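Data block below; observations after.
The values are calculated or read from the model by the stated rules, or taken from the named source; none is laboratory data. Predicted model only: the values in this text are computed from it and were never measured. So basically every Cβ, Gly included, is an ideal-geometry build from the backbone, and we count neighbours across all protein chains shown. Quick note on the areas: whole protein, heavy atoms, side chains included, nothing else; ligands and nucleic acids left out. Shrake-Rupley method; radii C 1.70, N 1.55, O 1.52, S 1.80 Å.
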Amino acid sequence: MKLRPFRTAVLGLSLLIPAALVAVVLFLVIYSGQAMAFNGFHFLTDVTWNLGDLYNDPVTVKGIQVPSGAEYGILAFIAGTLASSFLAIIIAVPLSIGTAIFLAEAVPELERSARRTIPWLPPIRPVLAMLVELVAVVPSVVFGLWGIAVLIPFLGHHISPTGNGYGLLAASIVLALMITPIIASTLYDALSQVPKENRESAFALGSTHFEVVTKAMMPMVRATLIGGVVLALGRALGETMAVLMVSGGGINILPTSLFSPISTIASFIVSQLDSAESDPTNMAVRALSEIALVLFLITLAVNAAAKLLSSGALNVRKH
Amino acid sequence: MSASISQPTGPDTPGGKALRRTIISMVGWIGCGIGLCLVIFPLLDIVGVVTVNGLAALNWDLFTKNTGGAALGMRNAIEGTFIITIFAMAIAVPIGVGAGIYLCEYGKNKTGSTIRFLSDVLTGTPSVVLGYFSYIVFIISFGWGFSLAAAAITIAILIVPYLARITELALTQVPNTMREAAFALGSNDATVVFKVVLPAASSGVITGALLALAISVGETAPLIYTAGWSDYAWSGKFTHSPVAYLTYVIWTFIDQPDAHSHALAYAAAFIVMMVVLAINIGVRLTVKRSVR
């Protein structure tokens with residue numbers, strides 16, 4: 001076989017992507033090894049995260065040096081992550097379905113009738129679709145800033161019984177806004193691909209336009225919708241800055257109400273930079289590495305599920 | 001899309017039922033419309049709040065003074081975001097475009113689909129995990145300390161998968177006949193790609209690079225554990241010297257009690273948001289949907 005230097009070169013470049021991924025997993029696993037040995041299964045089932053006494057001599061447990069009294073349990077962060085993400089999904093799904101249906105079906109209708117009176121009307125649908133997509137590109141930290149400046153005072157004054165807006169609900173609302181465009185644009189694309197014949201047959205049977213959408217079109221795109229929702233869930237689970245800024249940063253306590261302060265796994269990692277730096281035994285860094293690994297595995301599982309679901313969706317659409 | 005609204009008033013439809021169906025439809029459409037408003041209104045509010053407060057905070061000191069000392073400006077953060085982005089792009093563009101070339105031109109096989117799959121996994125990895133990975137590797141194991149090198153490499157890892165996939169998509173749009181013509185004239189692989197395929201797909205590749213640039217300007221989480229923070233301008237060293245960046249200003253200064261810090265946070269948010277939105281709007285207006 002002929003030697004092909006150019007092909008080999010670009011293959012080498014593209015292999016850097018899997019290499020980076022393998023390196024991420026490998027280093028996280030290696031680095032969290034001692035933490036895994038020390039924590040055991042309690043890591044996932046304990047609520048208390050305590051760095052221990054950082055100023056006295058460390059003690060040796062199971063042959064590992066740790067600050068005395070240190071225990072690392074992440075159940076509260078797992079609960080915070082799951083609660084905020086699922087609540088975000090519950091808020092985002094109806095919003096996304098409404099947005100996608102309105103954009104795909106109602107806006108063209110409205111545009112047509114509006115153009116009868118205002119013939120020079122510029123196209124509206126692309127503009128609205130672009131606005132929805134733009135929500136997805138606003139940086140997380142800007143969402144957090146808006147959360148602090150607008151959402152938190154609103155929740156604090158009007159909704160929260162304690163007068164404090166920070167907490168689970170604020171985090172879920174911000175997350176919901178961030179993931180709605182993902183679900184909405186997936187669904188919007190799927191709705192525009194529903195074959196004309198299906199729509200027209202439903203109209204011919206005497207359905208109202210809304211019945212055509214809900215009874216004939218939505219069932220056809222159900223698999224795509226579920227794929228989009230799971231994809232959005234993957235994004236919500238790993239979202240960091242916006243959640244960190246509005247969640248109240250509660251630790252060592254499981255959320256009990258919509259206004260409980262929470263931390264998600266991702267926001268907790270960021271908030272722990274200082275304590276990681278101050279632990280002389282490096283055990284905090286190792287435990288954080290383990291928590292990062294847990295987050296990686298959760299998002300990996302969710303994204304894999306999204307991929308499986310959306311590959312199935314294509315088959316459904318072709319029927 | 002030529003169907004018109006059909007009225008449910010057939011002779012076999014009892015009037016009451018038809019009325020109910022019409023009402024349900026109306027309520028449904030209104031609900032959907034409210035959904036759309038609830039999605040778009042926060043975006044407009046974010047843009048409005050950040051623009052009003054950001055413009056009010058803009059002044060010349062922001063670009064000439066550092067946050068250090070009296071915290072009058074944020075020249076160090078603007079400069080830091082700029083250099084982190086430049087170096088991240090310098091690392092990521094050759095790798096990402098090269099990988100995209102491989103995936104499109106020679107990657108229609110098992111290796112290609114494996115790389116594509118793992119690239120998607122990397123895209124789905126939360127950026128804070130990548131940041132933490134860089135922290136334990138570059139900051140702790142390599143002993144670089146908070147530094148430009150660690151920050152730029154982390155951002156590069158973050159954007160390479162995007163660049164690869166967008167480049168691949170852009171190259172796929174180039175018709176095969178152009179490649180065949182070039183090969184028939186005796187060109188080799190490299191000449192075909194660099195003289196024929198890449199120029200034809202240049203707008204798509206540039207789009208990908210711009211979107212990657214927008215991502216790197218707006219990122220925060222991977223930088224916290226890699227760039228650190230410095231109240232002063234970048235020292236010119238790649239390692240052992242923390243770097244300031246704009247998104248850090250937004251995150252930390254909004255939590256300060258004084259109005260002056262808030263003004264800095266809004267000014268930083270305004271600059272970051274304008275860059276990100278300008279790139280994304282520009283790309284959407286100029287490039288056809290298919291290339292994205």
First check a/c for segment B:14-57, with a ≥ b ≥ c the square roots of the eigenvalues of its C-alpha gyration tensor; if it is under 1.5, answer rounded, and if not, answer prolate when a/b is larger than b/c or oblate otherwise.
-> prolate
For segment A:1-142: relative contact order, % (alpha-carbon pairs under 8 angstrom, 6 or more apart) | 14
Mean-square fluctuation maximum in Gaussian network of chain A, Cα pairs under 10 Å, restricted to A:A114, A:A184, A:A170, hits A:A114
How big is D for chain A, in µm² s⁻¹ as a whole number, if Stokes-Einstein is applied with the Kirkwood radius of its Cα pairs at 20 °C and 1.002 mPa s?
-> 94
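Please report the orientation-averaged projected area of segment B:212-278, defined via the convex hull of its C-alpha atoms, in nm².
Values: hull surface 20.4 nm².
The orientation-averaged projected area of the Cα hull of segment B:212-278 comes to 5.1 nm².
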Cut-off under 5 Å, modelled amide H: who pairs with A:V61 long-range | A:V66
Under a point-charge model restricted to the Cβ atoms of Lys and Arg (+1) and Asp and Glu (-1), what is the dipole moment magnitude of the protein assembly as shown relative to its Cα centre, in debye to the nearest 20?
-> 2280
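If you wrap the protein assembly as shown's Cα atoms in a convex hull and average its projection over all directions, what's the area in nm²?
Its average projected convex-hull area is 34.1 nm².
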Residue among A:G163, A:G228, A:G249 with the largest mean-square fluctuation in a Gaussian network model of chain A, springs linking Cα atoms under 10 Å | A:G163
Do any chymotrypsin sites (Phe, Trp or Tyr not before Pro) in segment B:36-131 lie in a loop, going by DSSP, with at most 12 other beta-carbon atoms within 10 Å of their beta carbon, and if so which?
-> B:W60
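Counting pairs of alpha carbon atoms under 8 Å apart in space and at least six apart in sequence, what relative contact order in percent does segment A:45-105 give? Don't jump to the answer; show the numbers that get you there.
Working: 55 pairs, mean separation 18.9, N = 61.
So the answer I get is 31 percent.
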For chain B, list log₁₀ I(q)/I(0) at each q in 0.09, 0.13, 0.15, 0.17 Å⁻¹, using the Debye formula over Cα point scatterers of equal strength and ignoring solvent, two decimals each.
-> -0.61, -0.98, -1.14, -1.31
Find the relative contact order for segment B:22-170 and round it to a whole percent, using C-alpha pairs within less than 8 Å whose residues are 6+ positions apart.
-> 26
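At 1.4 Å probe size, put A:I90, B:I153, A:I291 in order of accessible surface, largest to smallest. Present the calculation step by step, with values, prior to reporting the outcome.
Working: A:I90 115, B:I153 45, A:I291 0 Å².
Greatest to least solvent exposure: A:I90, B:I153, A:I291.
By DSSP, what percent of the beta bridges with both residues in the protein assembly as shown are antiparallel, rounded to the nearest 5? Write out the running numbers ahead of the final one.
Values: 6 of 8 bridges.
If we restrict to bridges inside the protein assembly as shown, about 75 percent are antiparallel.
Sort A:Y188, B:Y232 by accessible area with a 1.4 Å probe, largest first. Mind dumping the intermediate values first?
On the way: A:Y188 35, B:Y232 140 Å².
Solvent-accessible surface, decreasing: B:Y232, A:Y188.
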Go through B:D231, A:D274 and list them by solvent-accessible area, largest first, probe radius 1.4 Å.
-> A:D274, B:D231
If you look at just the Cα atoms of segment A:82-255, how large are its Rg and its Dmax in Å?
-> 19.0, 62
What accessible area, in Å² to the nearest ten, does a 1.4 Å probe give for B:C37?
-> 80
How many angstrom lie between the C-alpha centres of segment B:210-281 and segment B:45-110?
-> 8
Tell me what the protein assembly as shown gives for mean residue ellipticity at 222 nm when only DSSP H runs of n ≥ 4 count, each as -39,500 (n - 2.57), the sum divided by the residue total, rounded to 500 deg cm²/dmol.
-> -21000 deg cm²/dmol
GNM on chain A, Cα springs under 10 Å; top mean-square fluctuation among A:S271, A:S14, A:S263 goes to A:S14
Helix runs (DSSP H) in chain A reaching 27 Å along axis by Cα, Kyte-Doolittle at least 1.0 = A:5-39, A:75-101, A:168-192, A:283-318
